1. I need the peptides 475-483, 291-299 ranked by packing, meaning the mean over residues of other C-beta atoms within 10 angstrom, with the highest value on top.
2. Rounded if a/c is under 1.5, else prolate if a/b is larger than b/c, else oblate: which is region 184-263, with a ≥ b ≥ c the root eigenvalues of its Cα gyration tensor?
3. When ranked by the protection proxy of mean other Cβ atoms within 10 Å per residue, highest first, what sequence do the peptides 410-422, 440-452, 110-122 form?
4. Calculate how large, on average over all directions, the projected area of the Cα convex hull of region 427-496 is; give the answer in nm² to one decimal.
5. What do the square roots of 5 times the Cα gyration tensor eigenvalues come to for region 49-171, in whole Å, largest first, as semi-axes of the equivalent ellipsoid?
6. To make sure I understand, if each residue's beta carbon is the centre and we count other beta carbons within 10 Å, what order do 393, 245 fall in, fewest to most?
7. Which values of log₁₀ I(q)/I(0), to two decimal places, follow from the Debye formula for region 154-290 at q = 0.12, 0.17, 0.21 Å⁻¹ with a uniform point scatterer at every Cα?
8. Once fully extended, how much extra length lies between residue 60 and residue 106, figured as 0.36 nm per residue of separation less the alpha-carbon to alpha-carbon distance?
């Protein structure tokens, strides 16, 4: 789903994950101040005095950890909690760096973001940077960081229990609606008590400002960037606020800036329906293997019978029991990868009959930092409805319209009761150059929302993997060599394709059968 190997099931901006409103005076052609606030193009370029101490700070680089390579160095960047009042409270942003071993070829820094929001990115120069081809790796110092509120960057925590961290939640009955509202209120109350003063400042806009401050402190004129999932939203906001500081930007599995964030979640419901239909057809053609039905209609009936069976008698798994809603939640992302979907339904049928033990990804961690920081971003970034009745109405409507996931996608979340961000949302609409890479069948950032990013970034080119499956293209579970070569070629040369590119994938190819050819620079 993201660049990290974390197996938690989170809602990306999806992450999972998973909004318009132009900042006053800021247009695609205007300049911006060092803190990302708007200024007329004719205004002087001197940075605000309040940021001078931050820009002038000296970083102390140390070995990141005894079990990490000595060349992998970490430091702490001080940033203002509120860029409108930089003289106020400061917070930490943990950063890391792996310098290129070929100084003569160095052209700058390449910064990574793994997605989420809420996923740490400090180790990415090691985990991902070293997987890049030499033609790219030799040119850049690899830079990672935990975004504000995440990991080692003054983390946001709310003291949530494992049960309270689980979301989204189905809304099938009025009892579900009441229970979900009570959950959302409890979640919000805990977060207000634990971190209420910081929540309104946990915006993508402020994280983009942190990135720009990092660039300035490192002494770089421009920033190069590779972001996945939520990281594409962060990259797009950075390009909007600091258009003259953005160099080579690769956005992998993109979100639609105009649908952040409730619209992104709701796209999971609408786009799951065609994915389910495609899966049913594929599976019916392989009834000799999976025995789930000889026609798409028969396969579909098998799934809904399994949902009804789980509602009558929840299905035991190694991590608890699944009712019908739990089955729908578990299967939705699997249906975007047809082979995984078929195997998941077979396993669920066996578990329902008491044969075998089904293991599911954990939905929460003992430390609630990922869940808390994720909601902090979702809630501060967008103007969520405040009336619980809006969510209840939408959940029932969309549950009928999109039976597989509609009620989940439109149900209430704690943003109904958490504080909004301190500034208007950044509208992304510019002509900066960027490369967007997107799988056709992506459960977290469906193709429709990736195309929304392409429309917002009018100077971008888009690489679409026809029949490509999974979340994450370049470093996904199944790497597409065609798309990876275009992305790595752009990072190496700075040259975008003259037009949008379509690559092709074999949908029933397993990861073990895929041997992508790495970009070599030739």
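Rule-based calculations on the coordinates, nothing more; no lab input. Treat the numbers as computed from the prediction; the structure is a model and nothing was measured. Cβ atoms come from the backbone with ideal geometry, glycine included; neighbour counts cover every protein chain shown.
1. 475-483, 291-299
2. It comes out oblate by the Cα gyration axes.
3. Averaged packing, sorted descending, gives the order 110-122, 440-452, 410-422.
4. So the Cα hull casts an average projection of 4.6 nm².
5. After scaling each eigenvalue by five and taking roots: 29, 22, 13 Å.
6. 393, 245
7. Debye output, listed in q order: -0.77, -1.10, -1.24.
8. 14.4 nm
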